[in-house]
Amino acid sequence: MPAPSLPATFTRRRRAPGLGESVLRPDAPPKVRGEFAFSSDLYVDGMVWGKTVRSPYPHARILGIDITGALAMPGVHAVVTQEDLWGSRTYGLEHHDQPVFADGMVRFHGEPVAAVAADHPELAARACAAIAVEYEVLEPLVDAEAAITAPPIHPDGNVFRHVRLRYGDPEAIGDVVVEGSYEVGMQDQAFLGPESGLAVPSEDGGVELFVATQWLHVDRDQIAACLNLPREKVRLSLAGTGGAFGGREDLSMQIHACLLALVTRRPVKMVYSREESFFGHVHRHPAKLWYRHHARRDGTLVNVESRMVFDGGAYTSSSTAVISNASCFAAGPYYVPNGRVDGYAVRTNNPPCGAMRGFGAVQTSFAAEAQMDKLAAALGMDPVELRLKNALKTHDQLLTGQVITGTAPVQECISACAELPLPPAADPGADLMTLPGGAGRTALSHNVRRGVGFAVGFKNLAFSEGFDDYSSARVRLELGADGEPVATVHVATAEVGQGFVTLAQQIARAELGVGSVVLHPADTQVGSAGSTSASRQTMMSGGAVQMACAGVREVVLERAALDLHLAPADMVLDDGELTTKDGGRSVSLADALRAGPVEAYREFHHAPTDPLDEDGQGNAHWSLAFAAHRAVVDVDEELGLVRVVQIATAQDIGRALNPLAVTGQIEGGIAQGLGLAVMEEIVVADGRIRNPSFTDYLLPTPLDMPPVLQTWIEQPERGAPYGAKGVGEPPTISSTGAIVAAIRAATGRPLTRIPVRPDDIALAAPATSTPAAS
Amino acid sequence: MSASDAERSGGVSDALHDPTTEDSRGGQGYPDPEGARDFPLETYVLSVNGRDLPVDDAWVGESLLYVLRERLGQPGSKNACEQGECGSCSVLMDGALVASCCVLAADAVGSAVVTVEGLAGEGELSDVQRAFVEQGAVQCGFCIPGMIVALTDLLDRSPAASELEMREAISGNLCRCTGYGRIFAAFRHVQEERSHARA
Amino acid sequence: MSVIARPANLQDAFDALDTLPDAQLLAGGTDFMVEVNFGHRRPPAVVAIRRLAELQGYQVRDDEVDIGAAVTWTTIERQLAGELPALAAAARTVGSPQMRNAATIGGNVATASPAGDGLPVLLAADASLVLASRHGERTVPFAEFVTGVKRTVLRPGEIITRVRVPRLTGPQEFLKVGTRNAMVISICCAALLIDRVGRTVRIGLGSVAPTPVRAPAAESYIAAEIDWDALSAPAESVTRFGELVRDAVRPITDHRGSAAYRSRAVQVIATRALERSLAA
């Protein structure tokens, strides 16, 4: 892989002050005081409330929309449909196939059909109810396998992408062969801050939008295209964002709010209810995966074959990238000399699916790790030994033929995880609240069996397949009102809770030796930072900030050198002082800034990658991250209830730039993995979402989360800022598989579907599909 | 832009929103009495964080959460679900922890309401708030006000609560970002601090 | 004209209902407000009754506890665990701590959800309700109060004032099945109450029928099998009891659970509840 094009100072190892320390979040004090402005907290005098009309049918033709009743209602300012769009009627991340409002055809339950603006949210809701839409209800296409060959439900066809991967000799056969079919249900990101924002019409005919999102610039571009506005007239600022996890990468209310603002000439606030939120964003792809693993008697993997169908729902979103990841990483973090993978992402009338933490690697990790356990059993081998034996290493090839040039401490992760202490044995006298069933007190200790399970996972960091992934930063250094240097960092990085705001300050302090670092609000007045996804912001936006700081440093070094009649190369910036290398003479940063502020603007691009060819071969990925998980569970077999007792993990993180933040990201990611293992599923029947509420879409509560033991493998990644790898996704990739493996160990049930439901454990013949509607 | 502005706004211009104003915002009532037959409005006074705040011409169906956020300038309590299933709207009402989304605002008359904004003095942090900051318990922050109100209530009622009792006491407060580990650490930290202070 | 009344006593409440005949009765609000927030219900008027003097507090008598309809589940959980163990155990599982601090026993009864956690206990205990109206009072056995899914015999103008729960001498258990360790709507639940004095076994079941139900055949079977002096029963009889409970209900399949699972689960928790009671 070609070396990244970066200035020499970038790779110089600087144990800078602040980096590597658990610096506290700058936004924590306002957040704990309830003063932090989230997108749903925004208020401006004269604002009106927007609300969306959504289709109750998953598939229908729209024969007519009568808005006259709604328009006549008191307090209603506007009603808009697709007829009111001045530009493109569709948008999308990869393909612009998603209508802003249904284009005469509804393709998913909850698809937006119209929107209103009114004085009060209750009046807006009533106006929505008064809009009479005449539907011709159609039979929904809900079977993803059938969708591959079914008549198209969209002019672009039903197959978003078929990844065909052939590596080595796909016909290779092993001494031992295990086959299995697996299923993953639809998980939801369930970020707590609802979709929301405030759109304000501008004097120049443009619009300003304050919104919770993951990628300001891509939002802006889609809004501009649909409203037929030049990009400069669509100005986005990041509003406080209450989590994302992939669910805000696609648009939700952005175009609707901006359109209403321009039509009414009033500021328009839109806030989704939780129920609407379940309809208003993409979900994790449900999937069916078939695998066949071949190995030699000694456990060496020979071939991995897989065919997988990911149900992308009605529109493309990021399905083509999700299935690519799933296919590339289908075998898990193991060296396999041969492989055959066919990955399909298909269109159905089910809810649209797209990015969620783990992005395709979660689904394949569940299946591939189940296969490894099956293989271990067939070989009579210890499952951890089998994984160690086949673990990927630097210089190994992936299924895509790509040689790993970065760090790949898979064996270290596996061993370190396995060595973490197990929890104490179950205490027969323990409070019933600690047993499976919790507050329901359904089990006594003799009803409960314990099991231990192991799983390992990996995926790419940042964007792949030839995408020019970059972030931008502007750093300005000047004297503050108190005469001391202050740095201002302007990046468009979407802070969604992951802690980039902290890191940006740490980097600027470390690189410039300045104590006072101010973050300019993230907005579209600076270049794109790319998406807050793919565990990429530490590396990409961190890299951009570092580069911009280096640019500033160059200039102040030049000024100081000029002052001292030296060459800039003779000087260093160290802890706020510009000194000669021998430390003999120095100029203070403050003095160097008296001539005026210094500003630098830089873009950080990661090393180029290539698309996959027709055999799924290519150097498609930049950097990889790995993690191993071990889960201990207690299971009440008769009732099928599970209590996760402990999760242990060892994660490949490159370098910890902020240990407290890393700890929090790993714990949070594991919680989402636990949710997918035992309780989280959007239940879809005949294309309809059956459980759009927190009553029935269950997130882990404080009584569900076990203690998490974590250890980090720190092997700095060359070409990554400070050697640090992104940490957000690996905790979510194989924690699910470890938990299910533990349940299998406790119960002997095959458990080929997640989330595991009580039925699957308690009934003799486990269900193999979602419960039928009553 | 000053450092404190950048801290406070988190990305949004302060000109648009200042949650610390004394005044009730009001004014969202529907102006046309003819059409308001089934949109009845009420005027009443609520006691919030020790102050009596007027609520004028508010639709009778508004929750306490809505009134706090949209009329009384107290948007600290959050609206993650509005059905009593997440705890992000938690406030104290007459000393009891309740979900403000499930309280009819017009029925909260005569009750003392305490929100996250009332837990500490102007510009100060309570020990619970400080522990959340220092223990890394805050990520996106959306669950945090409700979580802090719930734990403040627990620690005041039951200073020696066990870890299990603590988990049960906040079992109605969901967090999607943290996995609760650092939140539990913040609880333990405050508990230790307070017991040392008593000793 | 105000459309919300906040009466302090029953007489004021009846007067308010005269002035606002289509008013919603509002106690804790945990059911009603969810409906309003979702836009399923629009209150034309509200009579808030949580402050009514006659609905407050509880009286512990020798044979019963007389609980005010406005008493919250938190109060029941924390203060009546000795007198009414199964009801206190059920209280502990209602929603979340926030819900329990606001939700009232009267509200739970009036909503009459098939999944209402306290209701199977009231049924098993042969509780009765005092209903008051402008025209007087009547006492209705809880068993006759709930007639279908969220349907009761409550008449317009009537307010539930007291819930009278008999005190029984003997072990009590409440078990609730949910897929999470807290804050769940039950997939099924069971309240088992043993009356050593009357030599009866009562089991109330929730979420397995449109209303909470008893299992009379199972109850009389096991009452005959129990050695009432030792309070024990043969293992096979306990097993048979579980089977009879399972046979007494015909649960449905919905998005929370399948009929087959509910049948299995109700059998398991009935058996365990009895095992625990006899071992106590």
- [ ] Take the cross-link list A:389/A:459; B:78/C:176; A:233/A:269; A:374/A:459; A:288/A:393 and give me the ones stretching past 25 Å between alpha-carbons.
- [x] B:78/C:176; A:288/A:393
TODO: Apply the Karplus parameterisation 6.51 cos²θ - 1.76 cosθ + 1.60, with θ equal to phi minus 60°, to every residue of the range A:191-201 and state each ³J(HN,Hα) to the nearest whole Hz, in sequence, with x for glycine and proline.
DONE: 4, 6, x, x, 3, 6, x, 10, 9, 10, x
- [ ] State the answer as a single residue: which of A:172, A:116, A:240 lies farthest towards the positive end of the charge dipole of chain A, with beta carbon charges of +1 for Lys and Arg and -1 for Asp and Glu, about the Cα centre.
- [x] A:172
Open item on the list: Sort A:174-182, C:98-106, A:418-426 by packing, meaning the average of other beta carbons within 10 Å per residue, with the highest value first.
Closed with: C:98-106, A:174-182, A:418-426
- [ ] Kindly put B:148, A:733, C:187 in sequence by how many other C-beta atoms sit within 10 Å of each C-beta, fewest to most.
- [x] C:187, B:148, A:733
Task: On Cα atoms only, tilt of C:235-248 relative to the major axis of chain C in degrees - done: 40
- [ ] Can you grab the distance from the C-alpha centre of the range C:203-250 to the C-alpha centre of the range A:569-625, Å, no decimals?
- [x] 74
- [ ] Within 10 Å of each residue's Cβ, count the other Cβ atoms and sort C:19, C:93, A:532 from fewest upward.
- [x] C:19, C:93, A:532
- [ ] Grab the other residues whose beta carbon is less than 12 angstrom from that of residue C:91, score K and R as +1, D and E as -1, and report the net.
- [x] +2
TODO: Would you grab the residues whose amide H sits under 5 Å from the one on residue C:47? Only those 5+ places off in sequence or on another chain, please, with H modelled 1.01 Å from N.
DONE: C:5, C:24, C:25, C:26
Open item on the list: Can you classify chain A as rounded, prolate or oblate using the Cα gyration tensor, where a ≥ b ≥ c are the square roots of its eigenvalues, rounded means a/c under 1.5, and otherwise it's prolate if a/b beats b/c and oblate if not?
Closed with: oblate
Task: Relative contact order of the range C:138-192, pairs being alpha-carbon contacts under 8 Å that are 6 or more residues apart, as % - done: 22
TODO: Kindly express, to the nearest 10 degrees and within the range 0 to 90, the angle between helix C:259-279's C-alpha long axis and the longest C-alpha principal axis of chain C.
DONE: 70
TODO: In whole Hz, with x marking every Gly and Pro, tabulate ³J(HN,Hα) for the range A:628-634 from phi via Karplus 6.51 cos²θ - 1.76 cosθ + 1.60, θ = phi - 60°.
DONE: 10, 10, 10, 10, 10, 10, 10
TODO: Quantify how strongly other chains surround peptide A:41-50 by giving the mean number of their Cβ atoms within 10 Å of each of its Cβ atoms.
DONE: 4
TODO: Quantify how strongly other chains surround peptide B:107-119 by giving the mean number of their Cβ atoms within 10 Å of each of its Cβ atoms.
DONE: 3
Open item on the list: Looking at chain C only, what percent of DSSP beta bridges run antiparallel? Nearest 5 please.
Closed with: 90
TODO: Sort A:749-759, A:29-39 for me by packing, meaning the mean count of neighbouring Cβ atoms within 10 Å per residue, highest on top.
DONE: A:29-39, A:749-759
Task: Å³ per residue enclosed by the Cα convex hull of chain C - done: 124
Task: Point-charge dipole on Cβ atoms (K/R +1, D/E -1) for chain A, about Cα centre, debye to 20 - done: 700
Task: Inter-part distance where the range A:514-564 and the range B:137-165 are each reduced to a Cα centre, Å - done: 37
TODO: Considering Cα pairs under 8 angstrom that are at least six residues apart, work out the relative contact order of chain A and quote it in whole percent.
DONE: 16
Open item on the list: Once you keep just the Cα pairs under 8 angstrom separated by 6 or more residues, what percentage relative contact order results for the range C:1-85?
Closed with: 29
Task: Alpha-carbon centroid distance for the pair the range A:51-123 / the range C:44-65, whole angstrom - done: 47
Task: For the protein assembly as shown, share of DSSP beta bridges that run antiparallel, in % to the nearest 5 - done: 80
Open item on the list: Test of understanding: ordering A:393, A:51 by Cβ neighbours within 10 Å, fewest first, what list do you get?
Closed with: A:393, A:51
- [ ] Within a 10 angstrom radius of each residue's Cβ in A:19-31, how many Cβ atoms of other chains show up on average? Whole number is fine.
- [x] 6
Task: Packing rank of C:73-84, C:170-181, where each peptide gets the mean count of other beta carbons within 10 Å, highest leading - done: C:170-181, C:73-84
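All of the numbers you see were taken from the coordinates with simple rules; none came from a lab. The model shown is predicted, which means the values in this text are computed figures rather than measured ones. Note that each Cβ is placed from the backbone with ideal geometry, even for glycine, and that neighbours are counted across all protein chains shown.
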